[in-house]
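Notes follow the structure.
The values are calculated or read from the model by the stated rules, or taken from the named source; none is laboratory data. Model, not experiment: these values are computed from the prediction. All Cβ positions, even for glycine, are placed from backbone atoms using ideal geometry, and neighbour counts span all protein chains on display.
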Amino acid sequence: MKGSTYRRCSCRDPKTGKELGASCPKRNSRNHCTYSIRQELPPRDDGSRRSFARGGYSSLKAAQADLDHVRALMGLAESDDSEGVQLIAEMLAEVSGEKLPLPDWRRRGAG
């Protein structure tokens, strides 16, 4: 499954109102941009694509930690357990855009 972290700048051109993106003069500043993650999830039963995406991370380290967490959650189900894989993918797709915390699977196994 493909996944990545990337930087995003949401500064806007005062004249046009369009996002500057990579052309922002402050982009090379260490604390200027926010980081985002995107992880491809298994396709739905009908074959359509879905992904986990979340942004607003202040550091690459925090973004990478959440991306690793998403990958660990996907690894909980065996590859031949299609129902388990689909359930985990559905749960991740639901919390993707939300600012809800990712489930902590270690807590459930400890009790």
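Each row is one residue, and each column tells you yes or no for (1) more than 16 Å from Gly97 (Cα to Cα); (2) in contact with a Leu (Cβ under 6 Å, 6 or more places away or on another chain).
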residue	(1), (2)
Leu20	yes, no
Ser23	yes, no
His32	yes, no
Pro42	yes, no
Asp45	yes, no
Arg54	no, no
Ser58	yes, no
Gln64	yes, no
His69	no, yes
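May I ask you to list the residues in segment 1-19 that are of a type in the set (Gly, Ala, Ser), touching a residue at least 24 places away in the same chain (Cβ under 8 Å) and assigned to a loop (DSSP other than H, G, I, E, B)? Matches in segment 1-19: Ser10 only. Applying the criterion of being of a type in the set (Gly, Ala, Ser) and closer than 30 Å to Met74 by Cα to the residues of segment 3-24, the residue that is surrounded by the most Cβ atoms within 10 Å (Cβ to Cβ) is Gly3. Checked against the criterion of being charged (D, E, K, R) and assigned to a helix (DSSP H, G or I), the candidates Lys61, Lys26 yield just one match: Lys61. Looking only at residues that are exposed (fewer than 11 other Cβ atoms within 10 Å of the Cβ) and charged (D, E, K, R) in segment 25-60, which one is modelled with the lowest pLDDT? By that ranking, first place goes to Arg30.
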